Structure formats: structure tokens, C-alpha cells
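Each remark here refers to the structure printed beneath this line.
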């Protein structure tokens, strides 16, 4: 009898325990001041030299403040520097002055020379997505707190390049610069938070705790920020719905499963399409002829492809720019520039001497289901004009990079986000661009880029549109669709909004516990 | 006993050696390039080659293995290519999660499986059918699928348990246990079925033996005969099955940890393999092998404790 009583008492205690626990998983906000964010991939690296920008900044922003910042409206505002501006009017010289008394999180003083050392190390050794923008830029300490930047060619957006999305001017302490290995898993910046190594499990949970020595006490709205890695899209939504995380990016396939209590936001964030790399016809002579590339552009039924790839979270796209900030180069007159017209496509091929079509190979990542669906559909549509697009699938990003830079493949699937066209051009089309492995030099593109580089602030928008027009008219890249980013956040978080006109969220540092 | 332990430990060394060679060779054939993945599209050819040199990726596979083995002999198991964290530290951070899951799953399989097995052996046909069904269903359903269903129902629809994540025991024993309920359930179902079935068959066989009649004639209570004498007599096969359940749980964690986003060695094995993080893959393979060796040794020792005849032989 005693045993049975003990068993019943034990079961009752267990039930009470379970009941108590269940209450915590009911979507309630964390009782302590902790922001929990869910993200589907771990950082490629915490090293600013290799870190990913975009949403990858959720891992970087807490610990690496930049010289300047972009506010929620897309304006450049003070960061580690309060004074900045061009010197002269040739867009080649720029100066900024650091705030006085700043320190890295490891206690080292932040001086102009430290910023310069960090920048030079970044340019010399970095391999991340933004490093290429800084080639040809020189930084010099002109006093303890003042840095002068000079560029070989005119650069109208130096202020933007000093902000948090570019990493080159998010300084790293000398201890960090001295230890390549440590930088991958620790933080060495000047930021309102520091990565807490004891509470961090790499690839799983990244915990940032408040940096008590940071100059702006109000910059850290939380005591702790936790970024949890949840690779599966459905589990990510479930974690939000059950209150385990407060902010997530949502995959379009599971967007309708987000709880009604959460706020869901979506906005166009990226264009994507066929990046034709072999534009000099090294492997496929036909692709050197702009009429052939235009034919490919006319052969695509973009609305159908966008539907295949993204459903309601995508739309047909025809230009390598998104609508938004004037510097992005969106040109309304280009809308409808390439609409499905198989007869015109065939005529263009015939004019170029390829009436019977030709064959080229496209490289893509098979692990990306959107891309995998899309390339099959594109191949089928191009077959309608006699062009055979063979598909070369690679399993992951590393393999894709490996094959892409090898120059064996004439095209790939890739896209761009809302960025100044000055930067996009250097990423995709200029002779030294990363996405231009054959180093093709197009005189029209080069001229448009030079015009943009030296444009005054008043002329910058038209000059950016000029680059977009050349890309479209010569079909250097053939956009197919524009894709929305979807985010959801719990009611426990205030201040989550878009970053200017982009489809990216504002800085994680702008989010606050709801009042 | 000491001789048994010594013999097993002596056999463990070549086994670890073979496992490390096989793991190293297999991963070297996987497609992809860790240097490209890590450096990204912006790396110059010089940076790429320098990085590959630093990781010894330009050396023949056997040379790479020799370099790795040299490090192991010096107590250096390497560092993760991606996180820069020492492999031993990475494993130490995640081992408690996996052990909680595996030991929890094996204990649940043992307690529920043995109880069900004994009851079905002694309480009639319906319970025997239940054990057959549980055994069949548990064995047939993949644990990751079961995990997804449990997560959808008990975390998503009912909100009783967390759908993802792990809470350290030191932070909150209550939440620690809570975070493990669904993963352990997903892992243990198959074990419960097989343990119950083996226990039932063994107890039924034992109950027909002459010593049981003698015990009954001597006035020993039925409960004591079943739970003390018959169960002990059936212990060796049940222990063998529990050893198999433990090892199966080890591989089961690879999928279950991914379903519930638990930061254990199983999920690390998956992510490290995808990213070609060779030192981490090697470390996990060695740890898993050591665990299997230890469990087998413990089971052998337990045989002796349960059945003195085994000790003598």
C-alpha cells in the first residue's frame, strides 16, 4: 500500500512538474531581458574577414560596431565616428573622426591607427563578399582619431561602405588580428555586446552578453541576445509559434503556418536570373553575340517561372536592380523590356547565325530546391527556341565556387539585392568583378560605370539607371524573377522593421523588448 | 575480470585505428571543397592555395592522415575548420546532450520494455499482442519521422513540450528533463518493443523450467518468482538486447538531434560532414567508437554479475 501511495504521489508530482513546464512553452515572452532569434544557418565564420552580410549580420552586429551606420530609413548616421564627409568634390577623398575614448571589448583603445590596421588586414586577407569593393582604397591615420580614405577612382558611396554591412570598417582589435583561428569563433570588436564563449555552442547557439564598457549605454536593449540555429524551415516556425524564439526569417513554403499572434512581414529583397559569364564566347561562341543573349531573354516566360520558383512570394523580374533607393538603378522604363516572344527570339538567333540553336551549360546548386526547380523550367523554355541548356549540378556552395571560378561553365543562377548599382556593377559586370570569371570587358558597361563612379549626388540616380540599362539592353545578365524576404516576429519584440528600402531587416541592435 | 578488461582494452586500440582510417578515407571522397566553402567567392587564387596548404589539403590523403595521427598521439585532435574551436572542446560541449539522450532512451527502453515484457509473459494474451504490435511498429517507424510527429502533436498542437532546443541541467533540472521528453520518446519506442519482446520470450521460457516449480512448491510468492528469480535468469539475453539498443540509440541521435535541434554529437556529425570539417568528423567517430567499446565492456561485466556461470567461463 505504501508503495502504491508513493507511486501515486510521484505521478502527481510529475504531473505538476510537467504542468509547470508546459506553461513556459506557451508562447510567453522570456522573463529575463533576453532576445532570442532563430536563424536557419550558422555563420560561415564570425571572422569579419569572411562573414556573410545580409541576415548573416545577426551574428555580427551585436559585437562589431562600424564607423558609420545605416538607420531604419536608410540614412547614414554616426557609429564609431560622429564627423565624416568628402574632402573636395572629386569623390576620391573622404575623412572621418572617431569618437574620443572608445575601446575594443578586450580593453584596447580604439585609435585611428587601429582602424587603419584593421582595414588593411581586411583588404589583404579577407575573402568575404564585400572585400572586392575596397580594392583600390587606401586608409591613413592623419591624427589619433582622424582617418583619411582615398580611392584610385571616384567613389560616390564611401560613407555607405563604412557602415555595418561591409565589415571593412568594423574594426578588429590587434589581439584579433593576430589570431586568425580565434577570430572564427570569438569576437574582437567594439560593440554593445560580446560573444559569451561559455554560453555559446558553435553551430547551435550563439549567446551575446552586454558589453558594460561600451560607450553608449542605451545601445544594448537586452542583457543577452541568443541566436539559435534551427536549420529546418518548419521547425523554425514552430519555435516561433511556441515562444522559443522571437524573430525568424520564414521560408515561403511554410509562411502560412506562422501563428496569428506573430507579425509577418514580406518585401521584395532580391532579383535573380541567368548570369551569362562566357560573354566573349570562349567555350560557347554564340554567347558572345548580344543578339543571342537577347534571344534567351525573350524566350523566358517570367511570370510562369516566378510562380514555379516562389509562388505568391515572387514576381517576374526583367532588370538587374530592385525598386527602392535611387542609387540602386531601377529604371521603370525597362519594365516589360523582355516579354515572352518566341518569334522574336528565333529571329534574333537566326540573325546571329544560330537558327538551329546551340548548347551551353549552366552551373547550379542542387541543394537549393528553388534553384533546382527553376533551372529545369528554364531549360524546358529555352528548348522551345532550339537552345539546349545542359545542367551541371553541384552539391554545395563550396563546390559551386570551385566550378564557377574554374571558367568551365558559361552561365550560372545568381542574383543581387537592393544595393547601390555602383557596388553591384563591381560584383557582376566590371572586368575584375567576382561574378565575371572570364574577365570580360564590355566598353558600354565600362563607360556607364565610369559615369556612375564620378557622378555628383544629383546625377547619381540617372547614372545608376544607365548601368542597369546597359546590362538589360546587352543582356549581360538575364534576370528572371524578384524574390520576397519574409520575416516574422513575436509581439514581445518592438522596433523590428525594414532597413531603408531594402528587403533586409533593420539592425538587431534596433530591436527592443515590447513595452 | 581484470584479464577481461585488459583484453578488451587491448583490442580497442586497433579498432580505434581502423575506424579513424576508414572515416578519413571515406570523407576524403566526399564531393565539395572546404576551402572554397569557407573562403567564399571573393577569395583570390593565392588565398585559396594558401588556405589549402594550411589545412594540408594539397597533400595525398595518406600524408594528411599521418599528420592527423601525429597530432592525436600528441593529444592534439585538431581544431574545427569553421569555428576555430578545439575538437575536444567542441565534443565536450556536446557530449552531455547526446549522453542524456542515449542513456535516457536506453533507460526508458529498459524500464518500460522489461515491465511490459514481464507483464505480457505472465498476464495473458492481450498484453502479448500489445507487445507484438509495439515491437513491430517501433521497429518499422523511423525515429526521425516519429520525432516529427511527436513534435507536431505535443509541441506544435498541444504546446506541452518545447519543439526544439536543449536546456543544460545546471541551468534548470526541470527544463532539462522537459527538453528531453520528446527526443527520448522518439528514440526509445523501437527499443521498448524489442526489449519487451525478448523479455517476454525469456521469462516465458524460464517460467516453464523445473526450478520454478520447486520454488512454487517451497511456498515462494509468485511475485518473487517472477520479478526476482525468473527475471534474473532471463537477464543475459535482455542485457544483450539493451546493449544493442544503446548502440542503436547512438546512431539514432544523428537524426533525432536534428529533428529537435539539440546541440549534441549527432547533429554535429551531420553539419560537420556537410561542411567537410574533417577534424570534427574524426573526433566524433572516435568518441562514438570509444562509447561502443565501453558499453560492450560494461555489458560483459554485467553478464558476470547476473550469472556467475558466465563469470567462471
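Every read-out reported here was derived from the displayed coordinates using simple, explicitly stated rules and does not represent laboratory data. All figures in this text were calculated on a predicted structure; none of them were measured in a lab. Heads up, the Cβs are rebuilt from the backbone with ideal geometry, glycines too, and the neighbour counts pull from every protein chain shown.
Using the alpha-carbon atoms, what tilt in degrees (0 to 90, nearest 10) does helix B:45-54 show relative to the longest principal axis of chain B?
Compared with the principal axis, the helix lies near 50 degrees.
In terms of the Cα gyration tensor, with a ≥ b ≥ c the square roots of its eigenvalues, is the stretch A:177-294 rounded because a/c is under 1.5, prolate because a/b exceeds b/c, or oblate?
It comes out oblate by the Cα gyration axes.
Most exposed first by the Cβ proxy, i.e. fewest other Cβ within 10 Å, how do B:275, B:208 rank?
By the 10 Å Cβ count, ascending, the order reads B:208, B:275.
What does a probe at residue B:152 reach in the stretch B:172-188, counting residues whose amide N is under 17 Å from the point 7 Å along Cα→Cβ?
Correct set: B:183, B:186.
Please give the average number of partner chain Cβ atoms lying within 10 Å of the Cβ of each residue in A:395-406, rounded to a whole number.
6
Quote the FRET efficiency, to the nearest 0.05, computed for residue A:458 versus residue A:150 with a Förster distance R0 of 25 Å and r equal to the Cβ-Cβ distance.
Step by step, r from the Cβ atoms, then E = 0.60.
Can you give the FRET efficiency to the nearest 0.05 for residue A:282 and residue A:343, using r as the Cβ-Cβ distance and R₀ = 35 Å?
0.70
What's the ranking of A:480-488, A:396-404, A:338-346 by average number of surrounding C-beta atoms within 10 Å, highest first?
Highest-to-lowest ranking by the protection proxy: A:480-488, A:396-404, A:338-346.
Where does chain B land at 222 nm, in deg cm²/dmol rounded to the nearest 500, when only DSSP H runs of n ≥ 4 count, each adding -39500 (n - 2.57), divided by all residues?
Mean residue ellipticity, 222 nm, calculated: -24500 deg cm²/dmol.
Give the separation of the Cα centroids, the stretch B:91-122 to the stretch A:405-471, in Å.
60
Would you please classify the overall shape of the stretch A:332-374 from the alpha carbon gyration tensor, given that a ≥ b ≥ c denote the square roots of the eigenvalues, rounded means a/c under 1.5, and beyond that prolate means a/b larger than b/c while oblate covers the rest? Write down the numbers at each step before the final one.
Values: a/c = 3.17, a/b = 1.35, b/c = 2.35.
It comes out oblate by the Cα gyration axes.
Kindly put B:276, B:229 in sequence by how many other C-beta atoms sit within 10 Å of each C-beta, fewest to most.
Placing the least packed residue first, the sequence is B:229, B:276.
Just from its helices, what would the mean residue ellipticity at 222 nm be for chain A, if runs of 4 or more DSSP H residues each count -39500 (n - 2.57) and the sum is divided by every residue, rounded to the nearest 500 deg cm²/dmol?
Rounded to the nearest 500, it is -8500 deg cm²/dmol.
If you count, for every residue in A:195-204, the Cβ atoms of partner chains within 10 Å of its Cβ, what is the mean?
The mean count of partner-chain Cβ atoms within 10 Å per residue comes to 6.
Under the classification rounded if a/c is under 1.5, otherwise prolate if a/b is larger than b/c and oblate if not, where does chain A fall, given a ≥ b ≥ c as square roots of the Cα gyration tensor eigenvalues?
oblate
Rounding to the nearest 10 and keeping the result within 0 to 90°, find how far the Cα-based axis of helix B:2-28 lies from the longest principal axis of chain B.
40
Averaged across the residues of A:232-243, what count of C-beta atoms belonging to other chains lies within 10 Å of each residue's C-beta?
Working: counts 5, 0, 5, 10, 3, 2, 8, 6, 1, 4, 10, 2.
Across A:232-243, the average partner-chain Cβ count within 10 Å equals 5.
Cα axis of helix A:369-383 to longest principal axis of chain A: angle in degrees, 0 to 90, nearest 10?
Rounded to the nearest ten degrees, it is 10.
When ranked by the protection proxy of mean other Cβ atoms within 10 Å per residue, highest first, what sequence do the peptides A:45-51, A:252-258, B:57-63, B:36-42 form?
Per-residue mean Cβ counts within 10 Å order the peptides as A:45-51, B:36-42, A:252-258, B:57-63.
Whole angstrom only: what separates the Cα centroid of the stretch B:193-227 from the Cα centroid of the stretch A:204-255?
56
With each pseudo-label sitting 7 Å past Cα toward Cβ, what's the residue B:218-residue A:254 distance in nm, one decimal?
6.0
Return the whole-Å distance between the Cα centroid of the stretch B:230-290 and the Cα centroid of the stretch A:477-515.
Measuring centre to centre over Cα atoms gives 39 Å.
Over the alpha carbons of the stretch B:1-155, what is the largest minus smallest coordinate on each principal axis, giving the biggest first in Å?
74, 50, 27
If packing is taken as the mean number of other Cβ atoms within 10 Å per residue, what is the order of B:242-250, A:238-246, B:17-25, highest first?
A:238-246, B:242-250, B:17-25
Neighbour counts of other C-beta atoms within 10 Å: give me A:502, A:33 arranged from fewest to most.
A:33, A:502
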